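All of the numbers you see were taken from the coordinates with simple rules; none came from a lab. In this text, all values refer to a predicted model and were calculated from it rather than measured experimentally. Every residue, glycine as well, gets a Cβ built from its backbone with ideal geometry; the counts of neighbours run over all protein chains shown.
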Amino acid sequence: MDHDIARARPLSTTGVGASLPRKEDRRFLAGEGEFVGNIKLPGMLHVAFARSAVAHGRVLAIHKPAGFEGAVFTMADLEAGSPPVGPIRVLSSLPGFKPSSQWPLARDKVRQVGEPIAMCVAATRAEAEDIADAVVVDIEDLPAVVDMLQARDAPPALVHEEWGDNIFLETLVEGGLKGDEFEALKGSAAVKVHRRLRTARQSMAPMEGRGVVCTWNTRLDQLEMYTAAQMPHINRAGLSETLGIDQASIRVIAPDVGGGFGYKGILLPEEICLAWLTRHIGRPVKWIEDRREQLIANTNCREHHYDITVYADARGRLLAIDCDSVIDSGAYSSYPFSACLEAAQVGSILPGPYKMEAFRCRTWSVSTNKPPILPYRGVARAGVCFAIETLIDAAALAAGVEPHEARLASLIEPDEMPYDNITRKHFDSGDYPEAIRRAMEAIDLPAWRARQGTPEPDGRLIGVGHAVFCEQAAHGTSVYYGWGIPMVPGHEQCGARMTPDGRLELRIGAQSHGQSLETTLAQVANEILGIDPAHVRLVHGDTGVTPYSTGTWGSRSMVMSGGAVAEACTLMVERVRDIAAHLFQVPLDQVVLAQGRVSDRAGVQSLTLAELAHVWYRQPQRLPPGVNPAGLEVIGGYKARVDTGTFSYACHAVAVAVDPGTGAVELLDYVIVEDAGTLVNPMVVDGQIYGGTAQGIGTALFEEMRYDSQGQPLASTLADYMLPGATEVPAPRIIHMETRSPYTTFGQKGMGEGGAIAPGAAIANAVNDALRPLGAELTELPMSPRRVMAAIAAAGSAAGAVAGRGAA
Amino acid sequence: MTTIRLTVNGQPIEAEVQPRTHLADFLREQQLLTGTNLGCEHGICGACTLEIDGAPARSCITYAIDCEGASIRTIEGFDGDAPMAALRAAFSTEHALQCGYCTPGMLVTARDIVTRLPGAPEARIRKELSGNLCRCTGYAGIVRAIRAVMAQSGTPSGPGLASVRPVAPTAP
């Protein structure tokens, strides 16, 4: 393995490997970011939506307030246009998938609280909200389908009547031994552990909500839409399909976007509504999602249920997994990822980085009267990691070994890489056992075990736990084509243009909303062209000027856009050398480009990039015949040599103190051993890990979107939905390994999501380790004080029942 | 409409406002000062933090008409301010921002911490930051930046916490 081996080239201070300060920072520190909410267009009007107050019902009538009939629009209005506006329908080629029809404004039924019913427009947002408040909707209530298991097994109603059930999709993934051989393995396994686990529904809650500003450009006969989006080219495609206008007539611009995490990787009903409205009324229009809309009306994430059994040998070595998993996908299948992504991912990634003899996982994507779910940072991996890693700990306990010993006995070994696992996931590289060994050393497991031997003075219970995971990233065509959803990533392009003063413009179709691509892709350009990163300008998130891209999701941008930028810059090197060879009147092989300067090998003639660009654009009379007429503008395209994804991975190890009197959990120490291959900008990588881990701590301990039996959301403010603050999040210690991906341009691996994946599992293992003397165990996330106390109480009553029987 | 007179970033202003308009909307929509971002509009997230009469305040739960006679300073009003200049540099060096949306409010709070509590230990810094949410950075860089500015000012932050979390968790 080549992790930790000295780098092949010297460490750059400006190129790949440099912790270069971010080019983005200046405008944000000055308060000059251009978020959608800051955009004002002449004559712009404001939109507010009248939304459903009930989770499930039939819309009988919508009454527009008297005097404001011209300011209120319903689906009937949108359908009356030519062409009529259609519903969001995400088709999938997965067998048995049932698509939903999500009308941008509710037509016959409402299927979740907050579903938009009427669009109201006025000179100010406040006035638009006044009008929305005056819209009266007659709704015949229907029973709300709230719990996903009930929705599957004994539904009180059908969310989509035409289906006949509430199942978007059922899948079965099997690998290894089957049938009688699987049954024999189960029968002979020394260790069998079974759990029912749940993870809460969450809200992704970026600090900036969604927002749309749009206008119809009559000169270009084109919709111009500013929207807080992660994948603007996908939004354009979805707008085209629902509005019935061609894609060239739509320009989607994602300006500065205040955090995404998956929440902004979606075609919005509100985008469709405003696109129709601006054309209909001939005025620019604006809608900014407020926090209440963000929390109660728009999409959630991550509500999983696992009924899982793990089989292991007497040493705790994993033999088989048998699992039924249910995902609460909510009311609709969102564009483009569909309602099936989460559950299908559960089925394929549950084995994690482990070897085993047999695997079976059946999944159900269930529809309920709650908002749709979207893939949140890490997508299904956070839930999957919680499931497999708590079960590994349980198996280790049953086998009487330390949890890390059970993991070391089961992990893929470095000399087996690349490795195709039991669900045919192709692991590109890595040394997982070493990550665990380093994490155990860094957290100092023996010291915590020793401390557990003595009661704490404050009565708290000490626990230590860890979790390991793999993060498949930048996976492409071969992984996604089979899903048949509206988005299959293919080749990624970068347009590169040298300006007459020798600066470089890079145009990519992905979007940077905190990931720092304006800096890191300039570092890639520096690595190839030697150009000062300060002289590189990244243009992103604008369909009008950038190549098509599926956008920023799945930790793909540094691999895909990074690879495309490298390809474009490599082409640019050849263009520069060709022009220089003609100018210098020397053979092409006598021209070299280094440190942003092109020279002949004799060292006689030399030009800066600025001087060469000046000649090309401003003094073309100096260019002899035969020079490449294509000039200093190129398109570079990229796809990883093997496109099944890079595999970053990490081991998170944590020590906790649990207060058995209050249920409070304190994180005493937190160690992350992470391997993301070549780090293009280590500072940025650490920032992604810190931030992801904070979100994962939210998943583990705090964040929960609860609903009552009527499907009413119980968190409508950030006082009810608790995001971790500076006092809840420790400063983790990060230890890097570096196993380069064999398939990517610089050996880099996608890593934006990993931090958020493991905290739930690692902290759960630590909390359960702490509670073991009480016989209590947590099986649900988040591990709020209420749940900790309930687990302790349940253990106490179970112990009491045993004691009671003994006395009788 | 009500007429109010106040000072915004050193400039005296007289303006007509609706009684229901909050300060952030007044600044963003009427004064075109869009550096103050709105995160929740119910006083929890701290993104809209600015200075009213020299103290940090949440502009989303402050009515503009309540600011009669007040002196307001937004993120646009710190040119030439030494602590803010040091914080801006440290925020960049320590990677204390990613998407940049919480940053203006975070900077105003950070400036209050470094000027009001020089030498504060990390635990106190984190407690002071607890009214400003960031969804991107995990606060690591923000805390480091504040400590760095305190150290530059000759008032180094008190004992670091290495890996140990600073204060008892807040129960949800």
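Evaluating A:ILE308 against the criteria (1) under 30 Å from A:LEU220 (Cα atoms); (2) over 22 Å from the mean Cα position of the chain (by Cα) leaves one unmet condition, (1).
The condition of being in contact with a strand residue (DSSP E or B) (Cβ under 8 Å, 6 or more places away or on another chain), part of a helix (DSSP H, G or I) and not small (Gly, Ala, Ser) holds for B:PRO104.
Matching residues to (1) surrounded by 24 or more Cβ atoms within 10 Å (Cβ to Cβ); (2) at positive phi; (3) of a type in the set (Phe, Trp, Tyr):
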site	(1), (2), (3)
A:ALA339	yes, no, no
A:LEU350	yes, no, no
A:LYS355	no, no, no
A:CYS361	yes, no, no
A:SER365	yes, no, no
A:PRO371	yes, no, no
A:LEU374	yes, no, no
A:VAL379	yes, yes, no
A:ILE388	yes, no, no
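From A:GLU456, A:GLU441, which residue is over 30 Å from A:VAL159 (Cα atoms), acidic (Asp, Glu) and without any contact (Cβ under 8 Å) to a residue 40 or more places away in the chain? It would help to see each step written out before you state the result.
Details: A:GLU456 fails: without any contact (Cβ under 8 Å) to a residue 40 or more places away in the chain.
From the options A:GLU456, A:GLU441, the qualifying one is A:GLU441.
Here A:MET148 meets each of (1) in contact with a His (Cβ under 7 Å, 6 or more places away or on another chain); (2) surrounded by fewer than 24 Cβ atoms within 10 Å (Cβ to Cβ) with one exception, condition (2). Of the residues contained in the range B:128-137, none is found to be more than 22 Å from B:GLY43 (Cβ to Cβ), surrounded by fewer than 24 Cβ atoms within 10 Å (Cβ to Cβ), touching a helix residue (DSSP H, G or I) at 6+ places or on another chain (Cβ under 9 Å) and more than 7 Å from chain A (Cβ to nearest Cβ).
Check A:LEU517, A:LEU521 and return the single one that is touching a residue at least 40 places away in the same chain (Cβ under 8 Å), within 19 Å of A:THR543 (Cβ to Cβ) and within 14 Å of another protein chain (Cβ to nearest Cβ).
On the way: A:LEU521 fails: within 14 Å of another protein chain (Cβ to nearest Cβ).
Being touching a residue at least 40 places away in the same chain (Cβ under 8 Å), within 19 Å of A:THR543 (Cβ to Cβ) and within 14 Å of another protein chain (Cβ to nearest Cβ) holds for just one of A:LEU517, A:LEU521, which is A:LEU517.
Residues that are within 10 Å of chain B (Cβ to nearest Cβ) and in a loop (DSSP other than H, G, I, E, B) within the range A:654-685 comprise A:ASP659, A:THR662, A:GLY663, A:ALA664, A:ASN681, listed in sequence order.
Is it the case that some residue within the range B:78-92 is over 10 Å from the mean Cα position of the chain (by Cα), polar (S, T, N, Q) and part of a helix (DSSP H, G or I)?
yes
Among the residues in the range B:90-105, are any in contact with a helix residue (DSSP H, G or I) (Cβ under 6 Å, 6 or more places away or on another chain), closer than 30 Å to A:GLY37 by Cα, more than 8 Å from every other protein chain (Cβ to nearest Cβ) and among the charged types (D, E, K, R)? Looking through the range B:90-105, at least one residue is in contact with a helix residue (DSSP H, G or I) (Cβ under 6 Å, 6 or more places away or on another chain), closer than 30 Å to A:GLY37 by Cα, more than 8 Å from every other protein chain (Cβ to nearest Cβ) and among the charged types (D, E, K, R).
Inside the range B:73-85, residues that are surrounded by 20 or more Cβ atoms within 10 Å (Cβ to Cβ) and either closer than 15 Å to B:VAL149 by Cβ or of a type in the set (S, T, N, Q) (or both) make up a count of 3.
Inspect all residues belonging to the range A:484-500 and state whether any of them is surrounded by 24 or more Cβ atoms within 10 Å (Cβ to Cβ) and within 14 Å of chain B (Cβ to nearest Cβ). No, the range A:484-500 contains no residue that is surrounded by 24 or more Cβ atoms within 10 Å (Cβ to Cβ) and within 14 Å of chain B (Cβ to nearest Cβ).
Of all residues in the range B:57-72 being surrounded by 21 or more Cβ atoms within 10 Å (Cβ to Cβ) and under 15 Å from the mean Cα position of the chain (by Cα), which is nearest to the other protein chains (Cβ to nearest Cβ)? I'd like the intermediate steps shown before the answer.
Filtering the range B:57-72 for residues surrounded by 21 or more Cβ atoms within 10 Å (Cβ to Cβ) gives B:58-60, B:64, B:67, B:72.
Filter once more, so that each one left must be under 15 Å from the mean Cα position of the chain (by Cα): B:58-60, B:72.
Details: B:ARG58: 12, B:SER59: 13, B:CYS60: 10, B:ILE72: 14 Å.
It comes out as B:CYS60.
Name every residue in the range A:748-797 that is buried (at least 22 other Cβ atoms within 10 Å of the Cβ) and assigned to a loop (DSSP other than H, G, I, E, B), in order of residue number. Of everything in the range A:748-797, those that are buried (at least 22 other Cβ atoms within 10 Å of the Cβ) and assigned to a loop (DSSP other than H, G, I, E, B) turn out to be A:LYS749, A:GLY750, A:MET751, A:GLY752, A:GLU753, A:ILE757, A:ALA758, A:ALA776, A:LEU778, A:PRO782, A:MET783, A:SER784. Starting from residues that are buried (at least 24 other Cβ atoms within 10 Å of the Cβ) and more than 25 Å from A:PRO785 (Cα to Cα), keep the ones in the range A:686-699 and report whichever is nearest to the other protein chains (Cβ to nearest Cβ). Filtering the range A:686-699 for residues that are buried (at least 24 other Cβ atoms within 10 Å of the Cβ) and more than 25 Å from A:PRO785 (Cα to Cα), the one nearest to the other protein chains (Cβ to nearest Cβ) comes out as A:GLY687.
Reported count of residues in the range B:107-155, each being part of a loop (DSSP other than H, G, I, E, B) and either within 24 Å of A:LEU517 (Cα to Cα) or free of Cβ contacts under 8 Å to residues at least 24 places away in the same chain (or both), is 9. Of all residues in the range B:23-49, those satisfying the criterion of being touching a helix residue (DSSP H, G or I) at 6+ places or on another chain (Cβ under 8 Å) and more than 10 Å from chain A (Cβ to nearest Cβ) are B:LEU23, B:ALA24, B:PHE26, B:LEU27, B:CYS48, B:THR49. Within the range B:26-76, being of a type outside the set (A, V, I, L, M, F, W, C), free of Cβ contacts under 8 Å to residues at least 12 places away in the same chain and not in a helix (DSSP H, G or I) holds for one residue alone: B:THR34. Could you look through the range A:29-39, keep only residues that are in contact (Cβ under 8 Å) with a residue 24 or more places away in the chain and facing another protein chain (nearest Cβ under 8 Å), and pick out the one that is nearest to the chain's Cα centre (by Cα)? It comes out as A:PHE35.
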